[in-house]
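Read through the structure below, which is laid out as structure tokens, and then see the notes.
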Amino acid sequence: MTEPRKMPPIYVTQPALPPLEEFIPYLQQIWDNKRLTNNGPFHQQLEQALCDYLGVKHIALFANGTLALVTALQAMRIRGEVITTPYSFVATAHSLLWNGIKPVFVDIDPATFNLDPDRIAAAITAETAAIMPVHCYGHPCDVGRIQEIADNYGLKVIYDAAHAFGVRDHAGSVLNHGDLSVLSFHATKVFNTFEGGAIVCPDARSKRHIDHLKNFGFVDEVTVVAPGINGKMSEINAAFGLLQLKGIDGALQKRKAIDARYRAGLGGVKGINCLPDAGEKVANYAYFPILVQPEYPLSRDALYRKLHDNGIYARRYFYPLISDFPMYRGMPSAAHSNLPVARKVAEQVICLPIYPVLPNEHVDLIIGLIAGKAGE
Ligand SMILES: *Cc1c(COP(=O)(O)O)cnc(C)c1O
């Protein structure tokens, strides 16, 4: 056994936080103008700043990503069945259940861990209204093939882009594909506003509709056009987002360097596979997943425990599969035989710590633990 490391724990992520004193002037402004929420000045500034930074036309900010997903489905009036991936955070499928929609799980592509376009058509029925893919770990889905299928069958496409902040493909922001894309700005994400989220909209009309939906359906003081919800982002979160945006490029550069260090260090370790990118032009290095293969001397869970015993709190994202949770596992599409790739990946994956202030020595320590002999 290795001596347990006498250092503070290293978690899978650590939220980026600018110096507190830099946030005080923003708070002072809120205290001065007494605008706390309801499309205040910071909210408007952050929407514009994010459109500029991400390269998208319209953004509607939300209190969190899950409310944004639920509202995106409402905005598109989706009913019936939606095709989605079992290999994601549970909020993807929960947003369907909250709309009374039946999720239909389709297996993932072993090369990208994203929804496998080859398997989508076979899952379409008369009830299918939309596809909800996830750009897993920030690696873009096969957006061209997915759009082709959606066009052929008259389906909407709503991307859960919670991992895909800042990611670009050959055409620009990956957030411009499909009918709507949904972001999360949760504390654990690449760009955080403590809690927060957004819907990327293709045109001003859909943004206006979504802005109504996130504010109870109010259009003006006396007019309510839809059974909306309260999904608004507060001025505190929006102000923090503006401050965070100043440091985002530096944060992404640091993530990129850590990603490269892991790849170099783990490249020669037998039985450990690092997930390649999916051809994106600009990546965000949001996660660092490895697959623990049968050739590796330890099982995935034994390696996971070994890391834990050494204070490295890596996580098994995404295990269990969404389709294995009790509210989904009875569904026909949740059957083991329908999802062999997702099941295998879920049993082999570990996401290693990656965040801007993770020091090289810690990266090397983690590489050393993984590369070490089985008996250690
Ligand atoms: C984080 C996440 C969400 C939920 O976002 P919140 O802002 O935490 O509500 C949804 N989908 C995926 C894939 C996520 O990773």
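The values are calculated or read from the model by the stated rules, or taken from the named source; none is laboratory data. Small disclaimer: the values here were computed from a predicted structure and weren't measured. Heads up, the Cβs are rebuilt from the backbone with ideal geometry, glycines too, and the neighbour counts pull from every protein chain shown. Side chains are part of the model used for accessible areas, which takes the heavy atoms of the whole protein and leaves out ligands, DNA and RNA. Shrake-Rupley method; radii C 1.70, N 1.55, O 1.52, S 1.80 Å.
Structure values in brief
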quantity: Selection status of residue 355, within 21 Å of residue 10 (Cα to Cα), within 23 Å of the chain's Cα centre (by Cα) and open to solvent by 60 Å² or more (accessible area, probe 1.4 Å); calculated: no
quantity: Any hit, the stretch 221-228, residues being among the charged types (D, E, K, R) and either surrounded by 19 or more Cβ atoms within 10 Å (Cβ to Cβ) or in a strand (DSSP E or B) (or both); calculated: no
quantity: Count of the stretch 187-235 residues which are within 24 Å of residue 176 (Cβ to Cβ) and hydrophobic (A, V, I, L, M, F, W, C); calculated: 10
quantity: Selected residue (only one of 170, 163, 177 is free of Cβ contacts under 8 Å to residues at least 40 places away in the same chain and either away from the ligand (no atom under 14 Å from the Cβ) or open to solvent by less than 30 Å² (accessible area, probe 1.4 Å) (or both)); calculated: 177
quantity: Out of 77, 35, sole residue that is surrounded by fewer than 22 Cβ atoms within 10 Å (Cβ to Cβ), more than 12 Å from the ligand (Cβ to nearest atom) and free of Cβ contacts under 8 Å to residues at least 12 places away in the same chain; calculated: 77
quantity: Number of positions in the stretch 194-209 that are open to solvent by less than 60 Å² (accessible area, probe 1.4 Å) and within 16 Å of the ligand (Cβ to nearest atom); calculated: 5
quantity: Failed criterion for residue 337 (all others in (1) farther than 20 Å from residue 302 by Cα; (2) within 22 Å of the chain's Cα centre (by Cα) hold); calculated: (2)
quantity: Some residue of the stretch 206-218 being among the acidic types (Asp, Glu) and not in a helix (DSSP H, G or I); calculated: no
quantity: Test result for residue 210, touching a Cys at 6+ places or on another chain (Cβ under 8 Å) and closer than 19 Å to residue 161 by Cβ; calculated: yes
quantity: Hits in the stretch 97-122 - residues which are outside any loop (DSSP other than H, G, I, E, B) and surrounded by fewer than 22 Cβ atoms within 10 Å (Cβ to Cβ); calculated: 97, 102, 117, 118, 119, 121, 122
quantity: Candidates 139, 135, filtered to the one that is open to solvent by less than 10 Å² (accessible area, probe 1.4 Å), out of contact with any Lys or Arg (no Cβ under 9 Å at 6 or more places or on another chain) and within 25 Å of residue 259 (Cα to Cα); calculated: 135
